[in-house]
Amino acid sequence: MSGGGFKSILAAHFERYPLMEPRDFAKLVYQSEFAGEHLISCEGESLERLLAEWEGLAADGKALFLEDIGGGLVRLHLTAAKARGFSPAKVNEAFVRTASSKRGSRQGLERRFAELREAAEDGLLPLDISKLETYLAAYRAEGCPAVRHSEQYRQAYRPHYRVLDRRYLEL
């Protein structure tokens, strides 16, 4: 994907989620590079977590279904998947396959962070560059771990999704 392509993804996410903070952008960048590999230690446990989450969600046929995050990956929103009759076991299978097949790199992550900074500098994202750089410096110092969405994001948007490779959606 070209740099302009990922910048467009960043801008689309900010348009959809205007309360995004640097942490939420870091999560998006991380997921676009590494998918959901940080969540899976055991396929059975992954399914148990998904089933518990799934049971607490109302099906919503009007909710966003798929959301491009770059690199052939999407966020599959669970309320929409539930409304469309998706099986949690099949969603989990695609999630596990994606996580086990997607291998990003720190170099790729840094390229995406450069695109994030450029998008902010170009005015595509109304982010304070100094706040972004402060967050990213601390994030790098921690070793660039997988992070949760910011509290503000979680409260405003109630995210429930799994990161999947588009190729596995027909399971």
Which aspartates and glutamates have a Cα less than 20 Å from the Cα of K102, not counting those fewer than 8 places away in the same chain?
E33, E37, E43, E45, E67, D68, E93, E110, D165, E170
Per residue of region 49-58, in order, report the coupling 6.51 cos²θ - 1.76 cosθ + 1.60 (Karplus, θ = phi - 60°) as ³J(HN,Hα) in whole Hz, putting x for Gly and Pro.
5, 5, 4, 5, 5, 4, 4, x, 9, 8
Residues other than L78 with Cβ under 13 Å of its Cβ, Lys/Arg counted +1 and Asp/Glu -1, net out at +3
With everything on Cα atoms, drop me the angle between helix 106-121 and the longest principal axis of the chain, reported from 0 to 90° to the nearest 10.
60
Probe 1.4 Å, protein heavy atoms only - accessible area per residue of region 105-161 in square angstrom:
56
Going by amide H atoms built from the backbone, whose H comes under 5 Å of the H on Y161, apart from near neighbours?
L78
Relative contact order of the chain: what whole-number percent is it, with Cα pairs under 8 angstrom and at least 6 residues apart?
39
Which entry in (i) 9.5; (ii) 25.1; (iii) 8.9 is this structure's computed mean projected area of the Cα convex hull in nm²?
(i)
Would you calculate the convex hull of the Cα atoms in region 73-132 and tell me its volume per residue in Å³?
124
With Cα coordinates, the longest principal axis of the chain makes an angle with the long axis of helix 3-16, in degrees rounded to 10, of 70
Note: R103 to R154 extended length (0.36 nm per residue) minus current alpha-carbon separation gives 15.7 nm
Express in % the proportion of alpha carbon pairs of region 10-72 at distances exceeding 17 Å.
58
Scaled by the rule-of-thumb 2.2 N^0.38 Å, the alpha carbon Rg for region 95-171 gives a ratio of 1.32
Give, as a single signed number, the net charge of other residues whose beta carbon lies under 12 Å from the beta carbon of E55, with Lys and Arg counted +1 and Asp and Glu -1.
0
HN-Hα J couplings of region 127-140 from phi, Karplus 6.51/-1.76/1.60, θ = phi - 60°, integer Hz, Gly and Pro as x?
9, 6, 4, 5, 5, 4, 5, 4, 4, 5, 5, 5, 4, 5
Per residue, in Å², the accessible surface of region 1-99 once ligands and nucleic acids are set aside, probe 1.4 Å:
43
Share of the chain's accessible area from carbon and sulfur, percent, 1.4 Å?
49
Relative contact order in percent for region 1-92 (Cα pairs under 8 Å, 6+ apart) equals 29
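The values are calculated or read from the model by the stated rules, or taken from the named source; none is laboratory data. Computed from a predicted structure; not experimentally measured. Note that we place each Cβ from the backbone using ideal geometry, even for glycine, and neighbour counts take in every protein chain shown. These accessible areas exclude ligands, DNA and RNA; they are computed on the full protein's heavy atoms, side chains included. Shrake-Rupley method; radii C 1.70, N 1.55, O 1.52, S 1.80 Å.
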